[in-house]
1. Please calculate how many Å² of accessible area the chain carries per residue, with a 1.4 Å probe and no DNA, RNA or ligand atoms counted.
2. What is the percent carbon and sulfur in the accessible area of the range 144-260, measuring with a 1.4 Å probe over the protein chains and ignoring ligands?
3. Hey, rough spin-label estimate for GLU118 and ALA263, points 7 angstrom out along Cα→Cβ, what's it come to in nanometres?
4. Ratio of alpha-carbon Rg to the 2.2 N^0.38 Å globular estimate for the chain, to two decimals, please.
5. Only bridges whose two residues both fall in the chain count here: according to DSSP, what percent of them are antiparallel, nearest 5?
6. Under 10 °C and 1.306 mPa s, how fast does the range 144-260 diffuse according to Stokes-Einstein, given a Kirkwood radius computed over C-alpha pairs? Answer in µm²/s, whole number.
7. Quote the FRET efficiency, to the nearest 0.05, computed for HIS95 versus LYS287 with a Förster distance R0 of 22 Å and r equal to the Cβ-Cβ distance.
8. Could you give the nm distance between label points at LYS229 and GLU207, where each point is 7 Å from its Cα heading toward the beta carbon?
Amino acid sequence: MKNINKIAVMTSGGDSPGMNAAIRSVVRTCAYYQKDCIGIYRGYQGMIEGDFVELKARSVNNIINKGGTILKTARSKEFRTKEGREKAFLNLKKHEIDALVVIGGDGSFTGALVFNTEFNFPIIGIPGTIDNDIFGTSHTIGFDTALNTAVEAIDKIRDTASSHNRLFFVEVMGRDAGFIALNAGVGAGAEEILIPEENLGLERMLESLKKSRKSGKSSSIVVVAEGDKSGKNVFELADYVEKNLPDYEARVSVLGHMQRGGAPSCFDRVLASRLGVKAVELLLENKTNLMVGLRNNEVITTGIKEAIKGGHTIDKELLRVSDIMSI
Ligand code: ATP
């Protein structure tokens, strides 16, 4: 057994609400086990530049409720090179750091795996991304908050849509994954939901809108994931509907980065706290190359390689529910 006395923690890739709660959990768990904890600023770039800070239990007071990440985050080109990773390794050695917790998405985990393979450095991943696109966990940290933000915004848009008898196309985040669109769409009662995983075709959307007009609906919301594969962006979709269904007056709202920010939901705070404890405990047991996650409300672990490659499939049952609801 290798003695693990000093653990570093960092956030990497896109920020997500709840990352601070995860940092806090890692720091406090280290303190609980009387281990030292080091925060690395700006992800892998900070690791290369030696941008480190000592974190004690009290260093993370009053951050559980804060969005973003106190350690900042970055995307590092240099870490993709062998020389960059060597510099990073030397910095960890210089500071006598024995193991690393990476809070981020699949890109950050890929970097961690490459680093482990080259330097045999113990690493554990915590999934922090609003996209929920990671295999090995039902929820990533930040997804629940982003969903709630999107639903709240769509609710407000609905007020305008129904006052003016309008059709609104609301674009939500998700370049490659439709989890936010599908869940927020069902939660906000959308008429149609367009996601990258399922291209149901534009004809189907027109049919559905025609049907709802006939059935007496005066306003509608269509939720569109950024990466939907209809071949049209959200503005083109609105034009297309107006051309083909002149009864409709269509408007577009792009929610954008507001979905990443804000105070984390209670769910994300609890999830982050649980995953942070498990991540540190795994390292203290000399485990490495694992990602911590949630399944059936139990904290579980998945090989980090599997987590990167596995992909996370959309819930077909939820798609069916959405269809039934939009009758
Ligand atoms: P998000 O899901 O929010 O985009 P992410 O963790 O997937 O988060 P990326 O930008 O893909 O974000 O990855 C974060 C960082 O991980 C990169 O900037 C890079 O420094 C490192 N990284 C990613 N892939 C590799 C790789 N193949 N080799 C070395 N480092 C990598």
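The values are calculated or read from the model by the stated rules, or taken from the named source; none is laboratory data. Just so it is clear, the structure is predicted and the values come from calculations on it, not from any experiment. Backbone-built Cβ (ideal geometry, glycine too); neighbour counts: all protein chains shown. Heavy atoms of the whole protein, side chains included, go into the accessibility calculation; ligands, DNA and RNA do not. Shrake-Rupley method; radii C 1.70, N 1.55, O 1.52, S 1.80 Å.
1. With the other protein chains kept in place, the chain gives 45 Å² per residue.
2. Summing carbon and sulfur atoms, their accessible area is 45 percent of the total for the range 144-260.
3. 4.2
4. Dividing the Cα radius of gyration by 2.2 N^0.38 Å gives 1.10.
5. Counting only bridges with both partners in the chain, antiparallel ones make up about 25 percent.
6. The Stokes-Einstein estimate is 115 µm²/s.
7. 0.50
8. With each label placed 7 Å out from Cα toward Cβ, I get 1.9 nm.
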